[in-house]
Each structure stands twice: as C-alpha cells, then as structure tokens.
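The values are calculated or read from the model by the stated rules, or taken from the named source; none is laboratory data. From a predicted model like this one, the values you see are computed outputs, not experimental measurements. Don't worry about glycine lacking a Cβ; one is built from the backbone with ideal geometry, like all the others, and counts go over all protein chains shown. Just so you know, the surface numbers come from the protein's heavy atoms only, side chains and all, with ligands and any DNA or RNA stripped out. Shrake-Rupley method; radii C 1.70, N 1.55, O 1.52, S 1.80 Å.
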Amino acid sequence: MKTRKRVIGKQFGPEPHQFDPYDAMTNKEFEAEVIAALNAAKQRQKAISIKLPEALLERTREEAKRRGVPYQTLIKILLESSLDRLGAA
C-alpha cells in the first residue's frame, strides 16, 4: 500500500514538494514570522545562484513588494521558516 506525504497549503508547481506552507496562516501569523526571520537574517551571508520558475519568482516579488521587504529577504525568510517547520515535524 502506497502512503502519500501530507501536503500543507496550495501546490504551486508540478512537483509534489512545491506547495505553499503558509497558505493556512493568517496575515498576522505570517507577518510575525517575517519579522522574527528578518531579525534572524542579520547574520553573515553568502551569495548563491538559484533557478526558480518565473511565475514563482514573480509571485515572490509581488508579495515582497506588498509587504514592503526586498524579495531576496522574503525568500530567505520563507526558506528558513520552512526548514524550521520541517525540522519540527
């Protein structure tokens, strides 16, 4: 019998791991995570290159603009929060 992984949030790409884990959060909960992550993001940083689907990058830029943060900062916040959630699961 096959077991399916539990998917939290809306899927945004063709791969099973491409979903929005923040879909179920309220704006206040999301903003609290963003603020906490912004404070944590003030650590030493290393530049990398990453390929993203154009639609995902555009959504990220739009959301970052709406929230008044740089899009790369938002990507760092989302990545860190997602890894924290995965580690807690």
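Considering only region 16-54, state which residues are modelled with pLDDT under 65 and open to solvent by 80 Å² or more (accessible area, probe 1.4 Å).
P16, H17
Considering L83, L57, L79, L38, which residue is on the phi < 0 side of the Ramachandran plot, touching a helix residue (DSSP H, G or I) at 6+ places or on another chain (Cβ under 7 Å) and in a helix (DSSP H, G or I)? Spell out the reasoning first.
Values: L83 fails: touching a helix residue (DSSP H, G or I) at 6+ places or on another chain (Cβ under 7 Å); L57 fails: touching a helix residue (DSSP H, G or I) at 6+ places or on another chain (Cβ under 7 Å); L79 fails: touching a helix residue (DSSP H, G or I) at 6+ places or on another chain (Cβ under 7 Å).
Only one candidate qualifies: L38.
Provide a single number: the residues in region 60-76 that are loosely packed, with under 10 Cβ neighbours inside 10 Å and either assigned to a loop (DSSP other than H, G, I, E, B) or polar (S, T, N, Q) (or both). Outline the logic, then answer.
Pass one, region 60-76, residues loosely packed, with under 10 Cβ neighbours inside 10 Å: 66, 68.
If we keep only those that are either assigned to a loop (DSSP other than H, G, I, E, B) or polar (S, T, N, Q) (or both) as well, we get 68.
Number satisfying all stated conditions: 1.
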